[in-house]
């Protein structure tokens, strides 16, 4: 029996799910034994130097299952936290290619039968994950998620991380162009960017905290301090790796899946939820 | 018709109806550029006169002429060669085309420098594309040459010590790997495209190696925990609801339900 963790289907930063689309998903916690989303954020980010790409790339892990690498576009998610905060509230759900299925061909080399649910990972790359500029982050609190900072100039997510036993984040609140940047710094740095899909407004007259609104969610961040570059320069990086929980197929008929797509899934058909939206 | 002398040829404004059919498709980017900025570069024509009527063969500029015709223009600015006594063979024409193309070969670094200056002055790739008619992808690529190559590599590209193909592959390398590639090359053994691609492959393997070392917490559902939670909830009900919840708890533990 397969239990499908919840995926919220209201429109996301990338719009509504499409009929005929196949989606790789990691649902929200069922309320028992959940893991904070910060535990899946890779920090510092791993620089991605292979350029932007569409679809998925399969990566074999030595003595392990295959992972799938996917690109999160800045057109729909201008910053890293825009994506993570949406996933925090709605779960991870990324459309994956089904190839050209004309005449029953399995093309483009996609083969989702190699995925092992809960072991294979969705590895996510964002074009603005690695920070190259100088920044000075605030030591103040009040942002959401609550980034806990010690008095020693460290930004440590100790409260959350100690729960799941991951490594402590020991990156400084300041960055001077060189050395690894902190993925979590992109929360506060995102307060410096404004666009139609990433609206930034000060919470109050003091102007220390900003409310950031995306098409799907809103969250808070502390404005960075003087000494932060403007504009901030970024490059692509791997910022998140989360176990793939299951697949979802949005059926045009409501309850059926075309045979070629079932072929792509192989035995993972039983880990696929067929939905009507 | 305006005429001026230029190296034995004349610069003229020639009616397009007198010019032979260019026989090529219209390039959208060139059409856009001419539409926005006008014809900036003269074409080269050779004049023939028969029974007092002048017609023109195209030596160089077929695509510009095709674009002008598609835009409904009446005239083309052209460098017109004087009529040669010995005639003008197909071979002569081929040589002229070759020379003209070599002389106006793209200068990558000059173009990248120009894009860089426009970006610094507040333009975006989009506005550069809109104002020059150059394809947006090309503008972005030129900007990347300017921004992603380390200074030594860019200078090598400018001086001809680094081939365009190798430089393009090097765009995907981080600065330290670009530097290492250049240090391993000299005038006699310049960086080859294959070397750059090899470095890109190594870089990708290193990147993926880092990824495999990342520990990701497990989220596999703990069926026993879920079953226990369901049994707890079932205790709050009586009747059919309780039965269904207890059956679900049993299923989670892999048991059969009668």
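Note on residue B:186/residue B:96: beta-carbon distance plugged into 1/(1 + (r/R0)^6) with R0 of 30 Å gives a FRET efficiency of 0.20. Sorting B:226, B:181 from the fewest to the most surrounding beta carbons within 10 angstrom yields B:226, B:181. Calculate the length of the line joining the C-alpha centroid of the range B:188-258 to that of the range A:197-214, in whole Å. The range B:188-258 and the range A:197-214 have Cα centres spaced 35 Å from each other. Rounded to the nearest 0.05, the FRET efficiency derived from the C-beta distance between residue A:267 and residue B:57 at R0 = 60 Å is 0.30. For B:105, B:74, the sequence from fewest to most other C-beta atoms within 10 Å is B:105, B:74.
Between the beta carbons of residue B:228 and residue A:113, assuming R0 = 51 Å, the FRET efficiency works out to 0.95 to the nearest 0.05. Shown for A:217, B:214: other C-beta atoms within 10 Å of each C-beta, ranked fewest to most, produce the order B:214, A:217. Take the Cα of residue B:194, step 7 Å toward its Cβ, do the same at residue B:21, and the gap between the two points is 4.6 nm.
Be a star and scan the range A:187-201 for residues whose amide nitrogen sits under 17 Å from the point 7 Å along the Cα-to-Cβ vector of residue B:130. A:196, by backbone N distance to the label point. Only helices enter the 222 nm calculation for chain B: every DSSP H run of n ≥ 4 contributes -39,500 (n - 2.57), and dividing by all residues gives -16500 deg cm²/dmol, rounded to 500. The distance from the alpha carbon centre of the range A:233-277 to that of the range A:28-101 is 13 Å, rounded to a whole number.
Every number in this text was worked out from the coordinates using simple rules, so none of it is lab data. Small disclaimer: the values here were computed from a predicted structure and weren't measured. Quick reminder, even Gly has a Cβ in these numbers, built from the backbone with ideal geometry, and neighbours come from all protein chains shown.
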